[in-house]
Amino acid sequence: MPSDARPVLVMTEVDDPTADLVIEELNERDVPVVRFDSSDFPTSLAISADINGLRGWRGWLRTPSRLADLRAVRSLYFRRPNDFDFSHLEPPAARFAAAQARFGLGGLLADLPGCLYVNHPNAIADAEYKPVQLSAAATAGLRVPPTIITNDLGEALAFARGVGTIIYKPLYVGIHELDGRPASIWVKEVSTTELDESIAGTMHLFQARCDKVADLRVTVIGDHVFCVKILTKNPDLLDWRYDYDNLSYSVVEPQAGLVDGMRAYMKRFDLVLGCFDFAVPREGAPVFLECNPNGQWGWLEDETGLPMTSALAELLERGTR
């Protein structure tokens, strides 16, 4: 099996249309691509590396159709990999095997010499904490909504009385089930009458509701900034992701201060790709809501024609910031 010279590694699940777009573009550029998923290990994914003195790790990663020299990898697109699958083992053995794979295979892929990460998995993990996001955005000069994170009912009530209408946001959206079925936890407006002692059970994030007239989705890919205004026919819609069918999109120029703030934010987390969400209020600067370090952008390219796929493929091909 010949080794792919200076490949781009794409680590994602099988069903990932966003990664498909990027891989197709890289193929058109004659850039070798090695695609794999964590769940392929160890059935159809193998890796081996050794270290000697100060030269760092050297070795290879092998899939059924590709062989990558780890020291030649130009970039790694850490997109949306599944968890390791050791379901064939008994639970104690499965937990042990998954931990070894995470810190072994994952550790090697996190330390590829000369590799550009889009984004580094450690950076993605750091940037997913909403409390850190909000403080980093404020430090970067972005406008953030009044927010409280608490499990104290008295504090939540005092916050609500101080800012007026509030909304609840989950601090992390992971796997959630309701009556045995997958369920989503959405942003929700809450009244003081809905706040009760159940708040003490875990951490809650409450924010002042922004009186917005539109949303901005700003995708930063390397040096490129793609800013799209999103309008909805429903003025009471809290989150535009509730209702894609009633949205309209337009390409706009972001304010200079907004770009500077986003650049400072990304530098804080060492990101080269970020999908920012802002609320556009009736008055004043856009309000930072969140930044997904591994967000979706493909549908916006379809709606607006913005060359996001090309920008990301160029970044991965170049292998430098």
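The values are calculated or read from the model by the stated rules, or taken from the named source; none is laboratory data. This structure is a prediction, so every number in the text was calculated from the model and none was measured. Neighbour counts are summed over all protein chains in view; Cβ atoms, including those assigned to glycine, are modelled from backbone coordinates with ideal geometry.
For residues that are acidic (Asp, Glu) and surrounded by fewer than 16 Cβ atoms within 10 Å (Cβ to Cβ), scanning just the stretch 183-221, find the one that is nearest to the chain's Cα centre (by Cα).
Among those residues, the one meeting the criterion is GLU189.
State which residue pairs qualify: first residue under 18 Å from LEU238 (Cα atoms) and inside the stretch 188-201, second residue polar (S, T, N, Q) in any location, beta carbons under 7 Å apart, and separation of 6 or more residues or different chains.
So the pair list comes out as GLU189/THR165.
Taking the stretch 250-303 on its own, how many of its residues are modelled with pLDDT of 95 or more, of a type in the set (Phe, Trp, Tyr) and touching a strand residue (DSSP E or B) at 6+ places or on another chain (Cβ under 7 Å)?
4
Residues that are under 24 Å from GLY284 (Cβ atoms): list the helices (runs of 4 or more DSSP H) wholly contained in the stretch 120-166 that include at least 1 such residues.
Values: elements: 121-127, 130-139, 153-163.
Here the list reads 130-139, 153-163.
Only one of GLY141, GLY59 is at pLDDT below 95, small (Gly, Ala, Ser) and either over 19 Å from the mean Cα position of the chain (by Cα) or surrounded by 14 or more Cβ atoms within 10 Å (Cβ to Cβ) (or both); which?
Numbers: GLY141 fails: at pLDDT below 95.
Only one candidate qualifies: GLY59.
Here is a list: TRP297, TRP240. Which entry is in contact (Cβ under 8 Å) with a residue 24 or more places away in the chain and within 18 Å of GLU25 (Cβ to Cβ)?
After applying the criteria, what remains is TRP297.
Could you list all residues from the stretch 280-297 that are charged (D, E, K, R), over 22 Å from VAL118 (Cα atoms) and in contact with an Asp or Glu (Cβ under 8 Å, 6 or more places away or on another chain)?
ARG282
Which numbered condition trips up ASP30, out of (1) without any contact (Cβ under 8 Å) to a residue 24 or more places away in the chain; (2) farther than 20 Å from LEU312 by Cα; (3) assigned to a loop (DSSP other than H, G, I, E, B)?
It is condition (2) that ASP30 fails.
In the stretch 227-249, which residue that is farther than 21 Å from LEU306 by Cβ and among the aliphatic types (A, V, I, L, M) is modelled with the lowest pLDDT?
Residue satisfying both the conditions and the ranking: LEU237.
Mind checking which residues of the stretch 187-234 are outside any strand (DSSP E or B) and under 30 Å from ASP260 (Cα atoms)?
Here is the first cut: in the stretch 187-234, the ones outside any strand (DSSP E or B) are 187, 191-203, 209-211, 222-223, 233-234.
Scanning the stretch 187-234 gives VAL187, ARG209, CYS210, ASP211, GLY222, ASP223.
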